[in-house]
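Notes to accompany the following structure.
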Amino acid sequence: MSPRTALTPILLAAALAWGCTKEEAPPQEDRTLAKLRAEADRVGKGGAASGPPARAQQADEDPDMGLAGLATADEGASDRKLRLPDSNETKHVDTVAVKLTGLEASHSVKGGKLSLTTEDQFLRVQLVMQNVGQAPAALSLDGAKLMDAAGKEYPLARDVQIAAGTRELRHTWAPEERSDVVLFFEVPPSTLDAGLTLVLPATSGDVRLALR
């Protein structure tokens with residue numbers, strides 16, 4: 001018996017077996033197999049493999065997935081700039097004049113290689129400060145805080161401050177010295193339109209700047 005003749009019954013049996021499997025398989029299984037073959041063919045031609053469809057469910061099960069989604073959504077997007085208050089007066093912390101120059105809010109803040117994300121909002125407060133006195137003025141902003149309309153206080157967001165804000169919060173200002181200062185706070189989104197006030201410590205008493 002030649003090799004060609006010997007293979008014929010085997011091929012015939014395989015064909016019969018395959019035919020029986022196809023006839024017995026339910027329609028849903030046929031559709032699933034067709035999708036799997038189409039996906040395998042697409043990937044074989046250089047396409048990217050499809051990811052898992054249940055991303056929303058995974059985010060519910062794992063809180064970190066939710067933060068990762070916020071970071072990804074915020075990545076590459078500009079921070080949301082907030083309108084400055086109509087009455088943006090210059091205030092004095094001892095002999096250092098202080099004026100609000102910028103407000104921005106975002107879920108994610110980058111500082112160097114570090115990225116920090118919150119489900120609330122990081123509020124970036126930019127000030128210009130200048131010693132208008134004739135003597136050096138030692139000033140510490142460690143105790144800076146925000147206060148909402150209900151009187152609830154929000155201290156500096158220390159991790160963000162170190163990563164992306166003004167690092168020297170204790171500084172002695174020479175006469176006429178002028179500089180920009182950036183402070184970061186973590187606040188609930190609802191407070192952004194609820195009468196926030198920046199409170200700065202001073203030897204003569206706290207100085208308050210209305211932000212919203």
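Before moving on, here are some points about what is shown:
- Rounded to the nearest 10 Å², the accessible area of ARG158 at probe 1.4 Å: 120 Å²
- The local environment of VAL96, defined by Cβ-Cβ distances under 12 Å, has a net charge of 0 under the rule Lys, Arg +1 and Asp, Glu -1.
- Nearest-0.05 FRET efficiency for ASP120 and VAL207, computed from C-beta distance (R0 22 Å): 0.30
- P(r) weight above 18 Å for region 79-210, C-alpha pairs, percent: 53 percent
The values are calculated or read from the model by the stated rules, or taken from the named source; none is laboratory data. Every value quoted in this text rests on a predicted model; they were computed, and no experiment measured them. All Cβ positions, glycine included, derive from the backbone under ideal geometry; neighbour counts span all protein chains shown. Quick note on the areas: whole protein, heavy atoms, side chains included, nothing else; ligands and nucleic acids left out. Shrake-Rupley method; radii C 1.70, N 1.55, O 1.52, S 1.80 Å.
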